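Chemist: Dropping a structure here in C-alpha coordinates format, bear with me for questions.
The values are calculated or read from the model by the stated rules, or taken from the named source; none is laboratory data. These numbers come from a predicted model, not from an experiment. Here the Cβ positions follow ideal geometry from the backbone for every residue, glycine too, while neighbour counts run over all protein chains shown.
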Amino acid sequence: MFELDQKYIQKLEEIAGEIQNADDLARYLESEEEADYNALKEIFEPQISLVYNEVARLQPLQLIALELVLLEPVFEGLFLPRILGYSVLRGEVNEYHKYIRPQDHFREILLAICNSANYDLLRKRIGQTIQIGFALSSDIWVTNLINEISNKKIRYFLQSQKVDHYRDPRERKLGYIRYKNQFRKEVFQTATFPETKADLTIYGSQLKQFLIYRINLGEDNSSIIAPIRKMIANEAFFGTPQHLETTALFAYFFPLDDDSLVLLADVINQFREEDTGFSAKMDKFINALHHNPEIKLTAAAEKQFSELLDNDIQDELGKYYTLIDLIHGKGYLQPEVHDSIKTFYNQYEGLSTINDNLRQTIFAYFATLIRNLDAVSYADYFEITKYFPVYMKIFANQQFNQDLKMLSMAYVKRLLRTYTDKRGKDYQDIKKFVRTNFVEFGFLREKEVVELFKTKRKKKTA
(Lines give C-alpha, C1' and ligand atoms only; values in the text may rest on other atoms or scores of the structure.)
Protein backbone atom coordinates (compact mmCIF):
# COMPACT_ATOMS: atom_id res chain seq x y z
CA MET A 1 0.00 0.00 0.00
CA PHE A 2 1.30 3.43 -0.99
CA GLU A 3 0.87 6.39 1.35
CA LEU A 4 -1.61 9.06 0.35
CA ASP A 5 -0.10 12.26 -1.05
CA GLN A 6 -0.22 15.20 1.31
CA LYS A 7 -2.29 17.27 -1.11
CA TYR A 8 -5.09 14.70 -0.99
CA ILE A 9 -4.86 14.45 2.79
CA GLN A 10 -5.26 18.21 2.96
CA LYS A 11 -8.30 18.16 0.67
CA LEU A 12 -9.93 15.46 2.79
CA GLU A 13 -9.18 17.33 6.01
CA GLU A 14 -10.86 20.41 4.55
CA ILE A 15 -13.93 18.38 3.59
CA ALA A 16 -14.03 16.76 7.05
CA GLY A 17 -13.89 20.19 8.68
CA GLU A 18 -16.73 21.46 6.50
CA ILE A 19 -18.80 18.38 7.38
CA GLN A 20 -18.34 18.89 11.11
CA ASN A 21 -19.19 22.61 10.86
CA ALA A 22 -22.16 22.12 8.53
CA ASP A 23 -25.61 23.28 9.60
CA ASP A 24 -27.00 20.13 7.99
CA LEU A 25 -24.96 17.96 10.36
CA ALA A 26 -26.15 19.95 13.37
CA ARG A 27 -29.72 19.59 12.16
CA TYR A 28 -29.29 15.84 11.66
CA LEU A 29 -27.71 15.32 15.08
CA GLU A 30 -30.65 17.08 16.64
CA SER A 31 -33.39 15.38 14.62
CA GLU A 32 -31.78 12.05 13.67
CA GLU A 33 -34.05 12.11 10.63
CA GLU A 34 -33.00 10.35 7.43
CA ALA A 35 -33.92 13.37 5.30
CA ASP A 36 -31.40 15.52 7.17
CA TYR A 37 -28.65 12.92 6.74
CA ASN A 38 -29.46 12.69 3.04
CA ALA A 39 -29.10 16.46 2.75
CA LEU A 40 -25.62 16.10 4.24
CA LYS A 41 -24.86 13.28 1.83
CA GLU A 42 -25.97 15.26 -1.22
CA ILE A 43 -23.64 18.12 -0.35
CA PHE A 44 -20.47 16.29 0.68
CA GLU A 45 -20.39 12.92 -1.11
CA PRO A 46 -19.84 14.62 -4.50
CA GLN A 47 -16.88 16.49 -2.97
CA ILE A 48 -15.40 13.25 -1.64
CA SER A 49 -16.07 11.61 -5.00
CA LEU A 50 -14.05 14.28 -6.82
CA VAL A 51 -11.00 13.58 -4.66
CA TYR A 52 -11.51 9.83 -4.95
CA ASN A 53 -11.80 9.92 -8.74
CA GLU A 54 -8.64 11.98 -9.09
CA VAL A 55 -6.66 9.53 -6.98
CA ALA A 56 -8.20 6.53 -8.79
CA ARG A 57 -7.19 7.88 -12.19
CA LEU A 58 -3.80 9.36 -11.40
CA GLN A 59 -2.57 7.58 -8.25
CA PRO A 60 -4.35 4.21 -8.16
CA LEU A 61 -1.81 2.64 -5.78
CA GLN A 62 -2.88 5.16 -3.12
CA LEU A 63 -6.55 4.15 -3.12
CA ILE A 64 -6.43 1.87 -0.09
CA ALA A 65 -4.73 4.61 1.94
CA LEU A 66 -7.45 7.04 0.84
CA GLU A 67 -10.22 4.62 1.82
CA LEU A 68 -8.69 4.13 5.26
CA VAL A 69 -8.86 7.89 5.81
CA LEU A 70 -12.56 7.85 4.91
CA LEU A 71 -13.18 5.34 7.72
CA GLU A 72 -12.54 8.10 10.25
CA PRO A 73 -15.69 9.13 12.22
CA VAL A 74 -15.33 12.78 11.14
CA PHE A 75 -16.65 11.81 7.70
CA GLU A 76 -19.89 10.54 9.29
CA GLY A 77 -19.92 7.39 7.16
CA LEU A 78 -20.25 9.33 3.92
CA PHE A 79 -19.07 7.44 0.82
CA LEU A 80 -18.52 4.24 2.82
CA PRO A 81 -21.25 2.25 1.02
CA ARG A 82 -19.51 3.08 -2.25
CA ILE A 83 -16.03 1.96 -1.20
CA LEU A 84 -17.54 -1.15 0.40
CA GLY A 85 -18.70 -2.10 -3.11
CA TYR A 86 -15.27 -1.38 -4.52
CA SER A 87 -13.65 -3.65 -1.93
CA VAL A 88 -16.00 -6.50 -2.85
CA LEU A 89 -15.21 -6.24 -6.56
CA ARG A 90 -11.43 -6.01 -6.15
CA GLY A 91 -11.19 -9.53 -4.80
CA GLU A 92 -9.89 -12.20 -7.16
CA VAL A 93 -12.36 -15.06 -7.64
CA ASN A 94 -11.83 -18.62 -8.83
CA GLU A 95 -13.85 -20.66 -11.34
CA TYR A 96 -16.49 -21.32 -8.65
CA HIS A 97 -16.79 -17.59 -7.97
CA LYS A 98 -15.26 -17.76 -4.54
CA TYR A 99 -12.50 -15.46 -3.33
CA ILE A 100 -9.05 -16.93 -3.81
CA ARG A 101 -7.90 -15.02 -0.71
CA PRO A 102 -9.86 -13.55 2.22
CA GLN A 103 -10.77 -9.91 1.60
CA ASP A 104 -9.52 -8.16 4.72
CA HIS A 105 -10.20 -4.69 3.35
CA PHE A 106 -13.87 -5.60 2.75
CA ARG A 107 -14.01 -6.75 6.38
CA GLU A 108 -12.34 -3.55 7.58
CA ILE A 109 -14.81 -1.27 5.82
CA LEU A 110 -17.83 -3.35 6.82
CA LEU A 111 -16.80 -3.29 10.49
CA ALA A 112 -16.33 0.49 10.27
CA ILE A 113 -19.89 0.81 8.99
CA CYS A 114 -21.25 -1.48 11.69
CA ASN A 115 -19.49 0.57 14.36
CA SER A 116 -20.56 3.90 12.86
CA ALA A 117 -22.92 6.17 14.76
CA ASN A 118 -24.87 6.37 11.50
CA TYR A 119 -25.16 2.61 11.02
CA ASP A 120 -28.98 2.58 10.87
CA LEU A 121 -28.95 4.83 7.81
CA LEU A 122 -25.90 3.27 6.13
CA ARG A 123 -27.43 -0.19 6.50
CA LYS A 124 -30.11 0.72 3.96
CA ARG A 125 -27.48 1.21 1.26
CA ILE A 126 -25.28 -1.87 1.70
CA GLY A 127 -27.55 -4.94 1.68
CA GLN A 128 -26.81 -6.12 -1.87
CA THR A 129 -23.09 -5.44 -1.46
CA ILE A 130 -22.90 -7.55 1.70
CA GLN A 131 -24.87 -10.37 0.06
CA ILE A 132 -22.38 -10.57 -2.81
CA GLY A 133 -19.35 -10.16 -0.54
CA PHE A 134 -20.59 -12.91 1.79
CA ALA A 135 -21.47 -15.19 -1.15
CA LEU A 136 -17.94 -14.90 -2.52
CA SER A 137 -16.36 -15.49 0.91
CA SER A 138 -16.08 -18.74 2.84
CA ASP A 139 -18.67 -19.60 5.50
CA ILE A 140 -15.98 -19.68 8.18
CA TRP A 141 -14.76 -16.21 7.23
CA VAL A 142 -18.30 -14.79 7.33
CA THR A 143 -19.05 -16.46 10.65
CA ASN A 144 -15.86 -15.11 12.24
CA LEU A 145 -16.67 -11.61 11.01
CA ILE A 146 -20.22 -11.69 12.41
CA ASN A 147 -18.91 -12.98 15.74
CA GLU A 148 -16.80 -9.85 16.07
CA ILE A 149 -19.99 -7.79 16.35
CA SER A 150 -21.33 -7.43 19.89
CA ASN A 151 -24.57 -5.66 18.94
CA LYS A 152 -27.26 -8.34 18.49
CA LYS A 153 -29.31 -6.18 16.13
CA ILE A 154 -26.36 -5.71 13.79
CA ARG A 155 -25.41 -9.38 14.00
CA TYR A 156 -28.95 -10.36 13.02
CA PHE A 157 -28.82 -8.02 10.03
CA LEU A 158 -25.51 -9.47 8.84
CA GLN A 159 -26.74 -13.03 9.27
CA SER A 160 -29.81 -12.19 7.18
CA GLN A 161 -27.52 -11.21 4.28
CA LYS A 162 -26.30 -14.81 3.84
CA VAL A 163 -28.51 -15.66 0.88
CA ASP A 164 -29.15 -19.38 0.38
CA HIS A 165 -29.54 -19.35 -3.41
CA TYR A 166 -25.98 -18.01 -3.74
CA ARG A 167 -24.75 -21.38 -2.50
CA ASP A 168 -25.38 -22.56 -6.06
CA PRO A 169 -22.25 -21.64 -8.10
CA ARG A 170 -24.40 -20.72 -11.10
CA GLU A 171 -26.55 -18.31 -9.10
CA ARG A 172 -23.45 -16.92 -7.42
CA LYS A 173 -21.87 -16.24 -10.80
CA LEU A 174 -24.99 -14.51 -12.14
CA GLY A 175 -25.33 -12.41 -9.00
CA TYR A 176 -21.68 -11.39 -9.17
CA ILE A 177 -21.94 -10.41 -12.85
CA ARG A 178 -25.11 -8.38 -12.27
CA TYR A 179 -23.52 -6.57 -9.34
CA LYS A 180 -20.27 -5.95 -11.20
CA ASN A 181 -22.14 -4.40 -14.13
CA GLN A 182 -23.39 -1.64 -11.84
CA PHE A 183 -19.78 -0.43 -11.46
CA ARG A 184 -18.59 -0.90 -15.05
CA LYS A 185 -18.08 2.83 -15.63
CA GLU A 186 -16.36 3.54 -12.32
CA VAL A 187 -12.61 3.65 -11.69
CA PHE A 188 -11.54 1.98 -8.47
CA GLN A 189 -9.01 -0.75 -9.26
CA THR A 190 -5.70 -0.88 -7.43
CA ALA A 191 -2.93 -3.44 -6.93
CA THR A 192 -0.16 -4.59 -4.65
CA PHE A 193 3.27 -4.93 -6.22
CA PRO A 194 5.20 -7.94 -4.89
CA GLU A 195 8.29 -7.30 -2.83
CA THR A 196 9.44 -10.91 -2.44
CA LYS A 197 9.25 -14.03 -4.57
CA ALA A 198 6.61 -15.44 -2.23
CA ASP A 199 4.46 -12.39 -2.98
CA LEU A 200 4.38 -13.29 -6.67
CA THR A 201 2.06 -16.22 -6.06
CA ILE A 202 -0.24 -14.10 -3.93
CA TYR A 203 -0.42 -10.93 -6.01
CA GLY A 204 0.82 -11.91 -9.49
CA SER A 205 -2.48 -12.76 -11.16
CA GLN A 206 -4.28 -9.74 -9.75
CA LEU A 207 -1.39 -7.48 -10.77
CA LYS A 208 -1.64 -8.74 -14.36
CA GLN A 209 -5.36 -7.91 -14.46
CA PHE A 210 -4.67 -4.49 -12.96
CA LEU A 211 -2.09 -3.68 -15.63
CA ILE A 212 -4.48 -4.75 -18.41
CA TYR A 213 -7.18 -2.61 -16.80
CA ARG A 214 -4.89 0.44 -16.70
CA ILE A 215 -3.81 -0.12 -20.31
CA ASN A 216 -7.43 -0.10 -21.47
CA LEU A 217 -8.42 2.79 -19.21
CA GLY A 218 -6.27 5.22 -21.17
CA GLU A 219 -5.43 7.39 -18.17
CA ASP A 220 -2.04 8.75 -17.10
CA ASN A 221 -0.06 5.75 -15.79
CA SER A 222 3.09 7.65 -14.83
CA SER A 223 2.53 6.97 -11.10
CA ILE A 224 2.85 3.20 -11.58
CA ILE A 225 5.92 3.25 -13.85
CA ALA A 226 8.43 3.26 -10.97
CA PRO A 227 7.02 0.16 -9.20
CA ILE A 228 6.76 -1.67 -12.52
CA ARG A 229 10.40 -0.94 -13.33
CA LYS A 230 11.44 -1.95 -9.82
CA MET A 231 9.72 -5.29 -10.26
CA ILE A 232 11.24 -5.85 -13.72
CA ALA A 233 14.74 -5.08 -12.44
CA ASN A 234 14.43 -7.43 -9.45
CA GLU A 235 16.64 -10.42 -10.34
CA ALA A 236 14.95 -12.52 -7.65
CA PHE A 237 11.88 -12.56 -9.92
CA PHE A 238 13.72 -13.56 -13.09
CA GLY A 239 12.37 -16.69 -14.74
CA THR A 240 8.94 -16.56 -13.09
CA PRO A 241 5.75 -16.36 -15.19
CA GLN A 242 4.63 -13.28 -13.27
CA HIS A 243 7.84 -11.44 -14.10
CA LEU A 244 7.57 -12.31 -17.79
CA GLU A 245 3.93 -11.13 -17.90
CA THR A 246 4.71 -7.81 -16.23
CA THR A 247 7.79 -7.24 -18.40
CA ALA A 248 5.96 -8.05 -21.62
CA LEU A 249 2.86 -5.97 -20.82
CA PHE A 250 5.10 -3.02 -20.00
CA ALA A 251 7.14 -3.51 -23.17
CA TYR A 252 4.11 -3.78 -25.44
CA PHE A 253 1.58 -1.32 -24.09
CA PHE A 254 3.13 1.41 -21.93
CA PRO A 255 4.76 4.60 -23.22
CA LEU A 256 8.48 4.11 -22.67
CA ASP A 257 11.01 6.76 -21.74
CA ASP A 258 14.74 6.30 -22.31
CA ASP A 259 15.35 4.64 -18.91
CA SER A 260 12.53 2.17 -19.50
CA LEU A 261 13.80 1.34 -22.98
CA VAL A 262 17.28 0.59 -21.66
CA LEU A 263 15.96 -1.53 -18.79
CA LEU A 264 13.61 -3.57 -20.98
CA ALA A 265 16.18 -4.14 -23.73
CA ASP A 266 18.76 -5.31 -21.18
CA VAL A 267 16.39 -7.68 -19.39
CA ILE A 268 14.68 -9.13 -22.48
CA ASN A 269 17.90 -9.68 -24.43
CA GLN A 270 19.56 -11.20 -21.36
CA PHE A 271 16.72 -13.72 -21.21
CA ARG A 272 17.09 -14.43 -24.92
CA GLU A 273 20.79 -15.23 -24.48
CA GLU A 274 20.61 -17.18 -21.22
CA ASP A 275 17.22 -18.93 -21.34
CA THR A 276 16.83 -21.31 -24.28
CA GLY A 277 13.13 -21.64 -23.49
CA PHE A 278 12.42 -17.91 -23.52
CA SER A 279 11.14 -17.85 -27.11
CA ALA A 280 8.63 -20.60 -26.32
CA LYS A 281 7.49 -18.74 -23.21
CA MET A 282 6.97 -15.59 -25.27
CA ASP A 283 5.08 -17.58 -27.90
CA LYS A 284 2.60 -18.68 -25.23
CA PHE A 285 2.30 -15.16 -23.83
CA ILE A 286 1.71 -13.65 -27.29
CA ASN A 287 -0.88 -16.34 -27.95
CA ALA A 288 -2.65 -15.51 -24.69
CA LEU A 289 -2.78 -11.85 -25.73
CA HIS A 290 -4.28 -12.74 -29.11
CA HIS A 291 -7.03 -14.78 -27.45
CA ASN A 292 -7.71 -12.39 -24.56
CA PRO A 293 -10.89 -10.38 -25.27
CA GLU A 294 -9.85 -7.79 -22.67
CA ILE A 295 -6.85 -6.49 -24.62
CA LYS A 296 -5.86 -5.95 -28.25
CA LEU A 297 -2.38 -6.68 -29.53
CA THR A 298 -2.00 -3.88 -32.09
CA ALA A 299 0.61 -3.34 -34.77
CA ALA A 300 1.92 -0.35 -32.78
CA ALA A 301 2.36 -2.50 -29.67
CA GLU A 302 4.25 -5.18 -31.60
CA LYS A 303 6.45 -2.56 -33.24
CA GLN A 304 7.36 -1.12 -29.83
CA PHE A 305 8.28 -4.58 -28.54
CA SER A 306 10.21 -5.51 -31.68
CA GLU A 307 12.42 -2.45 -31.38
CA LEU A 308 13.72 -3.78 -28.05
CA LEU A 309 15.11 -6.94 -29.62
CA ASP A 310 18.81 -7.22 -30.39
CA ASN A 311 19.10 -8.38 -34.02
CA ASP A 312 22.45 -10.02 -33.33
CA ILE A 313 20.77 -12.64 -31.16
CA GLN A 314 19.54 -15.45 -33.40
CA ASP A 315 16.49 -17.12 -31.83
CA GLU A 316 12.90 -18.01 -32.71
CA LEU A 317 11.54 -14.81 -31.17
CA GLY A 318 13.83 -12.70 -33.37
CA LYS A 319 12.83 -14.62 -36.51
CA TYR A 320 9.16 -14.29 -35.64
CA TYR A 321 9.37 -10.53 -35.17
CA THR A 322 11.34 -10.09 -38.39
CA LEU A 323 8.31 -11.52 -40.16
CA ILE A 324 5.81 -9.57 -38.04
CA ASP A 325 7.65 -6.34 -38.84
CA LEU A 326 7.40 -7.20 -42.54
CA ILE A 327 3.64 -7.82 -42.26
CA HIS A 328 2.99 -4.60 -40.37
CA GLY A 329 5.38 -2.60 -42.54
CA LYS A 330 4.50 -3.71 -46.07
CA GLY A 331 1.00 -4.96 -45.46
CA TYR A 332 -0.63 -8.37 -45.44
CA LEU A 333 -1.92 -8.07 -49.00
CA GLN A 334 1.45 -7.97 -50.77
CA PRO A 335 2.60 -11.10 -52.70
CA GLU A 336 6.13 -10.90 -51.27
CA VAL A 337 4.63 -10.91 -47.76
CA HIS A 338 2.55 -13.97 -48.68
CA ASP A 339 5.70 -15.79 -49.77
CA SER A 340 7.53 -14.91 -46.56
CA ILE A 341 4.59 -16.03 -44.42
CA LYS A 342 4.36 -19.33 -46.32
CA THR A 343 8.09 -20.02 -45.94
CA PHE A 344 8.02 -19.25 -42.21
CA TYR A 345 4.76 -21.10 -41.57
CA ASN A 346 5.94 -24.32 -43.21
CA GLN A 347 8.90 -24.54 -40.82
CA TYR A 348 6.57 -25.38 -37.92
CA GLU A 349 3.70 -27.74 -37.25
CA GLY A 350 0.37 -26.31 -38.32
CA LEU A 351 -1.09 -26.37 -34.81
CA SER A 352 2.02 -24.97 -33.13
CA THR A 353 1.65 -21.90 -30.94
CA ILE A 354 3.90 -19.77 -33.13
CA ASN A 355 1.81 -20.57 -36.21
CA ASP A 356 -1.39 -19.79 -34.35
CA ASN A 357 0.08 -16.40 -33.44
CA LEU A 358 0.75 -15.78 -37.11
CA ARG A 359 -2.81 -16.75 -38.05
CA GLN A 360 -4.21 -14.49 -35.36
CA THR A 361 -2.15 -11.57 -36.65
CA ILE A 362 -3.54 -11.98 -40.16
CA PHE A 363 -7.09 -12.60 -38.97
CA ALA A 364 -6.93 -9.42 -36.87
CA TYR A 365 -6.31 -7.43 -40.06
CA PHE A 366 -9.33 -8.98 -41.79
CA ALA A 367 -11.49 -8.56 -38.69
CA THR A 368 -10.55 -4.92 -38.12
CA LEU A 369 -11.33 -4.01 -41.71
CA ILE A 370 -14.60 -5.93 -42.09
CA ARG A 371 -16.06 -5.05 -38.69
CA ASN A 372 -15.54 -1.37 -39.44
CA LEU A 373 -17.16 -1.47 -42.88
CA ASP A 374 -20.58 0.12 -43.16
CA ALA A 375 -23.27 -1.34 -45.39
CA VAL A 376 -22.66 1.00 -48.31
CA SER A 377 -19.04 -0.18 -48.52
CA TYR A 378 -19.82 -3.76 -49.43
CA ALA A 379 -17.69 -3.45 -52.58
CA ASP A 380 -14.67 -3.13 -50.26
CA TYR A 381 -15.72 -6.37 -48.61
CA PHE A 382 -15.93 -8.07 -52.02
CA GLU A 383 -12.42 -6.84 -52.77
CA ILE A 384 -10.81 -8.00 -49.51
CA THR A 385 -12.28 -11.49 -49.84
CA LYS A 386 -10.02 -12.03 -52.86
CA TYR A 387 -7.28 -12.65 -50.30
CA PHE A 388 -9.25 -15.24 -48.32
CA PRO A 389 -8.17 -18.14 -50.58
CA VAL A 390 -4.54 -17.02 -50.39
CA TYR A 391 -4.39 -17.36 -46.62
CA MET A 392 -6.73 -20.34 -46.46
CA LYS A 393 -4.27 -22.17 -48.70
CA ILE A 394 -1.16 -21.04 -46.76
CA PHE A 395 -2.58 -21.92 -43.34
CA ALA A 396 -4.74 -24.92 -44.25
CA ASN A 397 -6.40 -24.48 -40.85
CA GLN A 398 -10.06 -25.24 -40.24
CA GLN A 399 -10.40 -22.85 -37.32
CA PHE A 400 -9.00 -19.96 -39.37
CA ASN A 401 -11.51 -20.75 -42.12
CA GLN A 402 -14.32 -20.93 -39.58
CA ASP A 403 -13.35 -17.56 -38.10
CA LEU A 404 -13.43 -15.99 -41.58
CA LYS A 405 -16.84 -17.54 -42.14
CA MET A 406 -18.28 -16.13 -38.90
CA LEU A 407 -16.81 -12.73 -39.69
CA SER A 408 -18.28 -12.79 -43.19
CA MET A 409 -21.69 -14.10 -42.16
CA ALA A 410 -22.04 -11.34 -39.59
CA TYR A 411 -21.33 -8.71 -42.25
CA VAL A 412 -23.60 -10.27 -44.88
CA LYS A 413 -26.49 -10.44 -42.41
CA ARG A 414 -25.90 -6.78 -41.66
CA LEU A 415 -26.12 -6.08 -45.40
CA LEU A 416 -29.39 -8.01 -45.72
CA ARG A 417 -30.92 -5.97 -42.91
CA THR A 418 -29.99 -2.83 -44.86
CA TYR A 419 -30.85 -3.86 -48.41
CA THR A 420 -34.33 -5.36 -48.18
CA ASP A 421 -35.53 -4.69 -51.74
CA LYS A 422 -35.02 -8.08 -53.35
CA ARG A 423 -35.29 -6.55 -56.83
CA GLY A 424 -32.79 -3.83 -56.10
CA LYS A 425 -29.30 -3.82 -57.60
CA ASP A 426 -27.55 -3.87 -54.21
CA TYR A 427 -29.45 -6.91 -53.01
CA GLN A 428 -28.86 -8.76 -56.27
CA ASP A 429 -25.12 -7.95 -56.23
CA ILE A 430 -24.81 -9.27 -52.68
CA LYS A 431 -26.80 -12.40 -53.50
CA LYS A 432 -24.74 -13.12 -56.60
CA PHE A 433 -21.48 -12.66 -54.71
CA VAL A 434 -22.49 -14.89 -51.80
CA ARG A 435 -23.90 -17.60 -54.07
CA THR A 436 -20.64 -17.82 -56.00
CA ASN A 437 -17.94 -17.14 -53.43
CA PHE A 438 -19.30 -18.54 -50.17
CA VAL A 439 -19.68 -21.95 -51.78
CA GLU A 440 -16.19 -21.70 -53.22
CA PHE A 441 -14.74 -20.68 -49.84
CA GLY A 442 -16.54 -23.58 -48.17
CA PHE A 443 -18.53 -21.21 -45.94
CA LEU A 444 -21.94 -22.45 -47.11
CA ARG A 445 -23.42 -25.23 -49.21
CA GLU A 446 -25.65 -24.27 -52.15
CA LYS A 447 -28.75 -25.29 -50.20
CA GLU A 448 -27.69 -23.05 -47.29
CA VAL A 449 -27.22 -20.11 -49.67
CA VAL A 450 -30.77 -20.62 -50.94
CA GLU A 451 -32.05 -20.66 -47.34
CA LEU A 452 -30.15 -17.48 -46.53
CA PHE A 453 -31.87 -15.50 -49.27
CA LYS A 454 -35.26 -17.23 -49.17
CA THR A 455 -38.15 -14.96 -48.25
CA LYS A 456 -39.58 -15.91 -44.89
CA ARG A 457 -43.32 -16.39 -44.98
CA LYS A 458 -45.25 -14.36 -42.46
CA LYS A 459 -47.59 -16.30 -40.20
CA LYS A 460 -51.24 -15.63 -40.86
CA THR A 461 -53.00 -13.83 -38.07
CA ALA A 462 -55.95 -15.61 -36.52
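Chemist: Against the definition (of a type outside the set (Ser, Thr, Tyr) and in contact with a Pro (Cβ under 9 Å, 6 or more places away or on another chain)), how does Val187 come out, yes or no?
Modeler: yes
Chemist: With (1) in contact with a Gly (Cβ under 9 Å, 6 or more places away or on another chain); (2) farther than 30 Å from Gln270 by Cβ as the list, and Lys303 as the residue in question, which single condition is left unmet?
Modeler: (2)
Chemist: Limited to the range 398-443, what total is found for residues that are free of Cβ contacts under 8 Å to residues at least 24 places away in the same chain and not in a helix (DSSP H, G or I)?
Modeler: Total meeting the criteria: 4.
Chemist: Return the pair list, or none, for Cβ contacts closer than 7 Å from residues in the range 350-362 that are under 19 Å from Gly329 (Cα atoms) and hydroxyl-bearing (Ser, Thr, Tyr) to residues that are in a helix (DSSP H, G or I) and at pLDDT 95 or above, at least 6 apart or on different chains.
Modeler: Qualifying pairs under 7 Å: Thr361/Ile324; Thr361/Ile327.
Chemist: Okay, moving on. Please tell me if Leu452 is more than 30 Å from Lys342 (Cβ to Cβ) and either out of contact with any strand residue (DSSP E or B) (no Cβ under 8 Å at 6 or more places or on another chain) or modelled with pLDDT under 95 (or both).
Modeler: Yes; evaluated as a whole, the condition is true for this residue.
Chemist: Please go through the range 212-228 and pick out each residue that is buried (at least 18 other Cβ atoms within 10 Å of the Cβ), out of contact with any Phe, Trp or Tyr (no Cβ under 6 Å at 6 or more places or on another chain) and free of Cβ contacts under 8 Å to residues at least 40 places away in the same chain.
Modeler: Asn221, the sole residue that qualifies.
Chemist: Can I ask one more? One residue is enough: does the range 325-342 have a residue meeting the conditions on the phi > 0 side of the Ramachandran plot and part of a loop (DSSP other than H, G, I, E, B)?
Modeler: First, pick out the residues of the range 325-342 that are on the phi > 0 side of the Ramachandran plot: 331.
Those left that are additionally part of a loop (DSSP other than H, G, I, E, B): 331.
Checking the range 325-342: at least one residue is on the phi > 0 side of the Ramachandran plot and part of a loop (DSSP other than H, G, I, E, B).
Chemist: Another question, then. List, please: which pairs have Cβ atoms under 8 Å, are six or more places apart or on different chains, and start with a residue in the range 264-285 that is in contact (Cβ under 8 Å) with a residue 60 or more places away in the chain and end with one that is charged (D, E, K, R) and in a helix (DSSP H, G or I)?
Modeler: Ala280/Glu316; Asp283/Glu316
Chemist: Condition check: under 28 Å from Gln209 (Cα atoms) and either aromatic (Phe, Trp, Tyr) or surrounded by fewer than 19 Cβ atoms within 10 Å (Cβ to Cβ) (or both). Does Glu32 satisfy that?
Modeler: no
Chemist: Another question, then. Anything in the range 20-37 that is part of a helix (DSSP H, G or I), in contact (Cβ under 8 Å) with a residue 12 or more places away in the chain and out of contact with any Asp or Glu (no Cβ under 6 Å at 6 or more places or on another chain)? List them, or say none.
Modeler: Gln20, Asp24, Leu25, Glu34, Asp36, Tyr37
Chemist: Next up: Of the conditions (1) assigned by TED's automatic domain parsing to the domain that holds Asp266; (2) farther than 16 Å from Tyr365 by Cα; (3) touching a residue at least 40 places away in the same chain (Cβ under 8 Å), His290 fails just one. Which one is it?
Modeler: Evaluating His290 over (1) assigned by TED's automatic domain parsing to the domain that holds Asp266; (2) farther than 16 Å from Tyr365 by Cα; (3) touching a residue at least 40 places away in the same chain (Cβ under 8 Å) leaves (2) as the failure.
Chemist: Specify which of the listed residues (Thr368, Thr361) is under 22 Å from Ala251 (Cα atoms) and polar (S, T, N, Q).
Modeler: Thr361
Chemist: Among the residues of the range 423-438, which ones are surrounded by 11 or more Cβ atoms within 10 Å (Cβ to Cβ) and either more than 17 Å from Tyr381 (Cβ to Cβ) or in contact with a Gly (Cβ under 6 Å, 6 or more places away or on another chain) (or both)? Full working, then the answer.
Modeler: Going through the range 423-438, the residues surrounded by 11 or more Cβ atoms within 10 Å (Cβ to Cβ) turn out to be 424, 426-431, 433-438.
Correct list: Gly424 only.
Chemist: Now for a separate question. Can you tell me which residues in the range 146-161 are closer than 21 Å to Pro102 by Cα and either surrounded by fewer than 17 Cβ atoms within 10 Å (Cβ to Cβ) or free of Cβ contacts under 8 Å to residues at least 12 places away in the same chain (or both)?
Modeler: Correct list: Asn147, Glu148, Arg155, Gln159, Ser160.
Chemist: Give the range 103-145 a look and list any residue that's without any contact (Cβ under 8 Å) to a residue 24 or more places away in the chain and in contact with a helix residue (DSSP H, G or I) (Cβ under 7 Å, 6 or more places away or on another chain), or say none.
Modeler: The answer is Val142, and nothing else.
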